[in-house]
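The values are calculated or read from the model by the stated rules, or taken from the named source; none is laboratory data. These figures come from a predicted structure and were not determined experimentally. Because the Cβ atoms are built from the backbone with ideal geometry, glycine has one as well, and the counts that use them run over all protein chains shown. Remember, those area values only see protein heavy atoms, side chains included, never the ligands or the DNA or RNA. Shrake-Rupley method; radii C 1.70, N 1.55, O 1.52, S 1.80 Å.
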Amino acid sequence: MATITTISESVGANRIVPTIAIPYPVGNPELDDREASLRDELVDRAIRALSTDVASPTVFKKE
């Protein structure tokens, strides 16, 4: 999970899950009650990334 995906790609990370922002990578405090669903979606995407075979750097964007 990374906020700056280009850095992750340049260092050769195989699986990259874009996150929200540098101070709050897996959340957004301005969303109040909707933040929990945002965090759930990011974690689900990260789990999908870990369970997917990849041969090169792959960015797992929101579906």
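Given (1) among the charged types (D, E, K, R); (2) touching a strand residue (DSSP E or B) at 6+ places or on another chain (Cβ under 7 Å); (3) closer than 12 Å to LYS62 by Cα, identify the lone condition not met by GLU9.
(3)
So, in region 29-47, exactly how many residues are open to solvent by less than 50 Å² (accessible area, probe 1.4 Å) and within 20 Å of GLU9 (Cα to Cα)?
Of the residues in that region, 3 qualify.
Are any residues in region 14-48 hydrophobic (A, V, I, L, M, F, W, C) and farther than 14 Å from MET1 by Cβ, and if so, which ones? Break it down stepwise before answering.
Going through region 14-48, the residues hydrophobic (A, V, I, L, M, F, W, C) turn out to be 16-17, 20-22, 26, 31, 36, 38, 42-43, 46-47.
Within region 14-48, LEU31, ALA36 meet the criteria.
Quick test for you: out of SER10, SER56, pick the one residue that is of a type in the set (Ser, Thr, Tyr) and without any contact (Cβ under 8 Å) to a residue 40 or more places away in the chain.
When all the criteria are applied, what remains is SER10.
Scan region 48-62 and tell me whether some residue there is modelled with pLDDT under 90, open to solvent by 40 Å² or more (accessible area, probe 1.4 Å) and either of a type in the set (D, E, K, R) or assigned to a loop (DSSP other than H, G, I, E, B) (or both).
Scanning region 48-62, I find at least one residue that is modelled with pLDDT under 90, open to solvent by 40 Å² or more (accessible area, probe 1.4 Å) and either of a type in the set (D, E, K, R) or assigned to a loop (DSSP other than H, G, I, E, B) (or both), so the answer is yes.
Go through region 1-24 and give me each residue that's over 10 Å from the mean Cα position of the chain (by Cα) and more than 22 Å from GLU35 (Cα to Cα).
THR6, ILE7, SER8, GLU9, SER10, VAL11, GLY12, ALA13, ASN14, listed by residue number.
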